[in-house]
1. If the label point is 7 Å along Cα→Cβ of Arg158, which residues in segment 86-129 have backbone nitrogen under 18 Å from it?
2. So which trypsin sites (Lys or Arg not before Pro) in segment 1-110 end up in coil per DSSP with only 11 or fewer other C-beta atoms within 10 Å?
3. Can you run phi through the Karplus equation (6.51, -1.76, 1.60; θ = phi - 60°) for segment 29-37 and list ³J(HN,Hα) in whole Hz, with x for Gly and Pro?
4. Could you do me a favour and compute the accessible area per residue for segment 1-110, 1.4 Å probe, result in Å²?
5. Could you state the angle between the C-alpha long axis of helix 61-83 and the longest principal axis of the C-alpha atoms of the chain, as a value from 0 to 90 degrees rounded to the nearest 10?
6. With all protein chains present and a 1.4 Å probe, how do Glu155, Glu49, Glu28 order by accessible area, largest first?
7. Report, to the nearest whole %, how much of the accessible area of segment 85-167 belongs to carbon and sulfur atoms, 1.4 Å probe, protein only.
8. Which value, in Å² and to the nearest 10, is the accessible area of Lys162 when all protein chains are kept and the probe is 1.4 Å?
Amino acid sequence: MKPDYHRYRPTPLWRLVLIASLAGGMAEIVWVSLYASFTSLTTATVAREVTASLLPAFATGTTGVWLGILIHMLLAVALGYAFAYVLWKPFARPRGMVATLAVSVLTLATVWTMNFFVVLPVLNPAFITLMPYPVTFASKMLFALAMTVTLAWPELRRQARKRAPVTRLAG
(Lines give C-alpha, C1' and ligand atoms only; values in the text may rest on other atoms or scores of the structure.)
Protein backbone atom coordinates (compact mmCIF):
# COMPACT_ATOMS: atom_id res chain seq x y z
CA MET A 1 0.00 0.00 0.00
CA LYS A 2 1.32 3.43 -0.96
CA PRO A 3 1.58 6.12 1.72
CA ASP A 4 -1.02 8.88 1.51
CA TYR A 5 1.01 12.08 0.99
CA HIS A 6 -2.12 14.21 0.75
CA ARG A 7 -3.14 13.63 4.35
CA TYR A 8 -2.60 16.41 6.83
CA ARG A 9 0.40 15.86 9.06
CA PRO A 10 0.71 18.25 11.96
CA THR A 11 3.97 20.12 12.34
CA PRO A 12 5.72 19.32 15.62
CA LEU A 13 5.28 22.18 18.06
CA TRP A 14 9.01 22.84 18.48
CA ARG A 15 9.38 23.23 14.70
CA LEU A 16 6.31 25.45 14.39
CA VAL A 17 7.61 27.73 17.16
CA LEU A 18 11.07 27.86 15.57
CA ILE A 19 9.58 28.86 12.20
CA ALA A 20 7.31 31.44 13.86
CA SER A 21 10.24 32.92 15.77
CA LEU A 22 12.40 33.15 12.66
CA ALA A 23 9.49 34.69 10.74
CA GLY A 24 9.15 37.35 13.44
CA GLY A 25 12.86 38.10 13.43
CA MET A 26 12.94 38.30 9.64
CA ALA A 27 9.91 40.60 9.61
CA GLU A 28 11.86 43.03 11.79
CA ILE A 29 14.93 42.81 9.57
CA VAL A 30 12.86 43.47 6.44
CA TRP A 31 11.09 46.42 8.11
CA VAL A 32 14.35 48.01 9.30
CA SER A 33 15.89 47.44 5.86
CA LEU A 34 12.89 49.11 4.24
CA TYR A 35 13.13 52.06 6.63
CA ALA A 36 16.88 52.36 6.04
CA SER A 37 16.41 52.38 2.28
CA PHE A 38 14.43 55.63 2.60
CA THR A 39 16.76 57.34 5.10
CA SER A 40 20.45 57.91 5.60
CA LEU A 41 20.60 55.06 8.13
CA THR A 42 22.36 51.91 6.99
CA THR A 43 21.26 48.45 8.05
CA ALA A 44 24.89 47.67 8.85
CA THR A 45 24.82 50.43 11.48
CA VAL A 46 21.75 48.89 13.10
CA ALA A 47 23.33 45.44 13.12
CA ARG A 48 26.57 46.81 14.60
CA GLU A 49 24.62 48.56 17.35
CA VAL A 50 22.86 45.29 18.18
CA THR A 51 26.31 43.74 18.57
CA ALA A 52 27.52 46.74 20.58
CA SER A 53 24.67 46.21 23.02
CA LEU A 54 25.95 42.77 24.06
CA LEU A 55 29.49 42.38 22.69
CA PRO A 56 30.93 45.89 22.26
CA ALA A 57 34.44 44.62 21.50
CA PHE A 58 33.16 42.89 18.35
CA ALA A 59 30.92 45.67 17.03
CA THR A 60 33.26 47.08 14.39
CA GLY A 61 33.69 45.86 10.84
CA THR A 62 31.92 43.11 9.00
CA THR A 63 32.07 40.83 12.03
CA GLY A 64 29.90 43.28 13.94
CA VAL A 65 27.26 43.19 11.22
CA TRP A 66 27.03 39.39 11.07
CA LEU A 67 27.14 39.08 14.84
CA GLY A 68 24.34 41.66 15.10
CA ILE A 69 22.15 39.65 12.75
CA LEU A 70 22.98 36.42 14.60
CA ILE A 71 22.28 38.00 18.01
CA HIS A 72 19.01 39.45 16.72
CA MET A 73 17.84 36.10 15.37
CA LEU A 74 18.88 34.22 18.53
CA LEU A 75 16.94 36.72 20.62
CA ALA A 76 13.96 36.31 18.29
CA VAL A 77 14.05 32.53 18.75
CA ALA A 78 14.36 32.88 22.53
CA LEU A 79 11.46 35.33 22.59
CA GLY A 80 9.36 33.09 20.35
CA TYR A 81 9.90 30.01 22.51
CA ALA A 82 9.23 31.93 25.72
CA PHE A 83 6.03 33.33 24.23
CA ALA A 84 4.89 29.98 22.86
CA TYR A 85 5.43 27.89 25.96
CA VAL A 86 4.53 30.46 28.64
CA LEU A 87 1.58 32.28 27.01
CA TRP A 88 0.46 30.85 23.70
CA LYS A 89 0.22 27.11 24.35
CA PRO A 90 -1.54 27.28 27.73
CA PHE A 91 -3.71 30.39 27.22
CA ALA A 92 -4.04 31.75 23.68
CA ARG A 93 -3.84 28.69 21.45
CA PRO A 94 -7.06 27.07 22.71
CA ARG A 95 -8.92 30.34 22.08
CA GLY A 96 -7.89 30.75 18.44
CA MET A 97 -6.13 33.21 16.18
CA VAL A 98 -7.68 36.42 17.51
CA ALA A 99 -6.56 35.57 21.06
CA THR A 100 -3.13 34.62 19.74
CA LEU A 101 -2.84 37.95 17.93
CA ALA A 102 -4.02 39.92 20.97
CA VAL A 103 -1.63 38.15 23.35
CA SER A 104 1.31 38.42 20.95
CA VAL A 105 0.69 42.13 20.33
CA LEU A 106 0.51 42.80 24.09
CA THR A 107 3.60 40.69 24.71
CA LEU A 108 5.67 42.35 22.00
CA ALA A 109 4.49 45.82 23.08
CA THR A 110 5.71 44.98 26.58
CA VAL A 111 9.03 43.73 25.23
CA TRP A 112 9.43 46.92 23.17
CA THR A 113 8.67 49.09 26.21
CA MET A 114 11.17 47.21 28.38
CA ASN A 115 13.83 47.35 25.65
CA PHE A 116 13.56 51.03 24.85
CA PHE A 117 12.86 52.46 28.29
CA VAL A 118 14.72 50.11 30.65
CA VAL A 119 17.30 47.83 29.00
CA LEU A 120 18.77 49.81 26.10
CA PRO A 121 19.28 53.08 28.01
CA VAL A 122 21.66 51.11 30.22
CA LEU A 123 23.27 48.77 27.68
CA ASN A 124 23.52 50.97 24.59
CA PRO A 125 21.96 54.47 24.63
CA ALA A 126 23.14 55.06 21.05
CA PHE A 127 20.82 52.33 19.76
CA ILE A 128 17.74 54.25 20.91
CA THR A 129 18.64 57.23 18.74
CA LEU A 130 19.02 55.25 15.49
CA MET A 131 15.34 55.20 14.54
CA PRO A 132 12.21 57.01 15.72
CA TYR A 133 10.12 55.21 18.33
CA PRO A 134 7.16 54.63 15.97
CA VAL A 135 9.45 52.83 13.52
CA THR A 136 10.87 50.56 16.20
CA PHE A 137 7.42 49.93 17.66
CA ALA A 138 6.09 49.02 14.20
CA SER A 139 8.99 46.59 13.93
CA LYS A 140 7.85 44.77 17.07
CA MET A 141 4.24 44.75 15.90
CA LEU A 142 5.35 43.16 12.61
CA PHE A 143 7.19 40.53 14.66
CA ALA A 144 3.92 39.85 16.51
CA LEU A 145 1.94 39.63 13.27
CA ALA A 146 4.43 37.31 11.55
CA MET A 147 4.66 35.08 14.61
CA THR A 148 0.87 34.94 15.00
CA VAL A 149 0.18 34.06 11.39
CA THR A 150 2.83 31.35 11.47
CA LEU A 151 1.56 29.87 14.73
CA ALA A 152 -2.05 29.93 13.52
CA TRP A 153 -1.31 28.63 10.02
CA PRO A 154 -1.75 24.89 10.76
CA GLU A 155 -5.17 25.52 12.32
CA LEU A 156 -6.21 27.80 9.45
CA ARG A 157 -5.09 25.16 6.99
CA ARG A 158 -7.00 22.44 8.85
CA GLN A 159 -10.17 24.53 8.86
CA ALA A 160 -9.83 25.30 5.15
CA ARG A 161 -9.47 21.60 4.35
CA LYS A 162 -12.52 20.80 6.45
CA ARG A 163 -14.61 23.44 4.64
CA ALA A 164 -13.40 22.59 1.15
CA PRO A 165 -15.98 20.65 -0.82
CA VAL A 166 -14.99 17.15 -1.73
CA THR A 167 -15.27 16.61 -5.46
CA ARG A 168 -14.75 13.39 -7.29
CA LEU A 169 -12.65 13.37 -10.39
CA ALA A 170 -14.38 12.13 -13.51
CA GLY A 171 -12.99 9.03 -14.91
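1. From segment 86-129, the list is 88-101.
2. Taking segment 1-110 and a limit of 11 other Cβ atoms within 10 Å, the loop trypsin sites (Lys or Arg not before Pro) found are Arg7.
3. Working through the residues one at a time gives 5, 4, 4, 5, 5, 5, 4, 5, 5 Hz.
4. Here the residues of segment 1-110 average 62 Å² of exposed surface.
5. 50
6. Highest to lowest solvent-accessible surface, that is Glu155, Glu49, Glu28.
7. For segment 85-167, the apolar C and S fraction of the accessible surface comes to 72 percent.
8. For Lys162, the solvent-accessible surface is approximately 140 Å².
The values are calculated or read from the model by the stated rules, or taken from the named source; none is laboratory data. Quick caveat, the model's predicted, so the values are computed rather than measured. Because the Cβ atoms are built from the backbone with ideal geometry, glycine has one as well, and the counts that use them run over all protein chains shown. Please note that ligands, DNA and RNA were not included when accessible areas were found on the heavy atoms of the full protein model with its side chains. Shrake-Rupley method; radii C 1.70, N 1.55, O 1.52, S 1.80 Å.
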